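To start, the structure under review is shown below, and the notes come after it.
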Amino acid sequence: MAEKEYLIFCDESDVAGAYYSNFYGGVMVGSSQYDRITARLNAEKTRLNLFGEVKWSKVSAPYLAKYQDLIRVFFEEVRQGHLKVRIMFRQNVHEAVGLTQEQIEGAFFRLYYQFIKYAFGIMHRPPAGEPTKLRLYFDEFPETKEATAQFKGFLLALKDNPEIHGAGFTLAREDIAEFRSHDHVLAQCLDIVLGAMSFRLNNKHLQIPPGTTRHGNRTVAKEQLYKTILQEIRRIKPGFNIGISTGTPGGQQDRWAAPYRHWRFVPLEWKYREEFTKPRKKNGPTQPT
């Protein structure tokens, strides 16, 4: 059944990480599946006695098993193709050059725009008979009202993009909105996945609290939850590497069709910053796993 509209819930994390920065994430769901999936995830939260907002920053040892159970249900829907998840980030070794001060100051929204335009591969969707509405939802922005209004204006202009229009998508001003993640369980699950990726790519699993010689319990719990998420992703795509862009062995249509993808954003013009490379292990370079 062709979807009449798609909803995309978006979030961001770690503007400046030790090795990777500017994390953006989105989860897309068709309107015919939204109510069912939302009800299922909320029912799972109730079963697990998770009555408040779930998010990466709340992960702890006592709640680890509950978060693992919830995220497995979330990824079951991803695996079945009912949800699509996209994560974008920038590796610090690739430093953009030739930017104006305006571009530097507006980096948050400029990168967000790139994420919306390209991450879900909406321009590569097979032609549909009827126009399909896009609805974009963003966690409350940390920027000024003026900058936010300008960003929404740029997004609205995507409806006139020939490739996006040719793929059958429409976008209206009222369908670009901000939300509170507390009210949307899909956004909460996305926050967990996005947080896990920043956690592992920035080597936060190696952090040891000052004055101690062991990893903290929360750090250990977060690493275990990350491993659960990675296991679920690799059920979809075996051998998945979180630190690089996902390939397109099936052609450009993979950018739309794949249930889960990563995008390591690299500027058109950049210089290499070796000081932002990860420390090397004795037996070779550290690799994202």
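Values as computed for the structure displayed
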read-out: Qualifying chymotrypsin sites (Phe, Trp or Tyr not before Pro) in region 1-59, DSSP loop, other Cβ atoms within 10 Å at most 13; value: PHE51
read-out: Backbone HN-Hα couplings from phi across region 5-14 [Karplus 6.51/-1.76/1.60, Hz, Gly and Pro as x]; value: 7, 10, 9, 10, 9, 10, 8, 9, 7, 6
read-out: 5 angstrom amide H check on PHE169, placed H, neighbours 5+ away; value: THR132
read-out: Computed magnitude of the charge dipole of region 144-289 (debye, nearest 20; Cβ of K, R +1, Cβ of D, E -1); value: 960 debye
read-out: Whole-number percent relative contact order across the chain, with pairs defined as alpha carbons under 8 Å at least 6 apart; value: 31 percent
read-out: Theoretical gain in end-to-end length, ALA172 to ALA65 [0.36 nm per residue, Cα-Cα removed]; value: 34.4 nm
read-out: Antiparallel bridge percentage (DSSP; both residues within the chain; nearest 5); value: 50 percent
read-out: Relative compactness, the chain, computed as alpha-carbon Rg over 2.2 N^0.38 Å; value: 1.01
read-out: Given charges at Cβ of Lys, Arg, Asp, Glu: region 5-274 dipole, positive-most of GLN103, TRP263, GLY250; value: GLY250
read-out: Student exercise, region 5-274 dipole from Lys, Arg, Asp, Glu Cβ charges, in Debye to nearest 20; value: 1000 debye
read-out: ³J(HN,Hα), Karplus 6.51/-1.76/1.60, whole Hz, each residue of region 33-39, x for Gly, Pro; value: 9, 4, 5, 5, 5, 4, 5
read-out: HN-Hα J in Hz across region 16-25 - Karplus 6.51, -1.76, 1.60, θ = phi - 60°, x for Gly and Pro; value: 9, x, 5, 10, 10, 9, 6, 7, 10, x
read-out: Per-residue [θ]222 nm for the chain (sum of -39500 (n - 2.57) over DSSP H runs n ≥ 4, rounded to 500); value: -11500 deg cm²/dmol
read-out: SER245 long-range amide H proximity, modeled H, under 5 Å; value: ARG264
read-out: Within region 24-70: Cβ-based charge dipole about Cα centre, in debye rounded to nearest 20 (Lys, Arg +1; Asp, Glu -1); value: 80 debye
read-out: Charge-dipole axis of region 175-240 as Lys and Arg at +1 and Asp and Glu at -1 on Cβ define it, positive-most pick from THR212, SER181, PHE199; value: THR212
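Where a number appears in this text, it was derived from the coordinates with a stated rule and is not lab data. Since we're looking at a predicted model, the values are computed, not measured. Please note: Cβ atoms are built from the backbone with ideal geometry, for glycine as well, and neighbour counts cover all protein chains shown.
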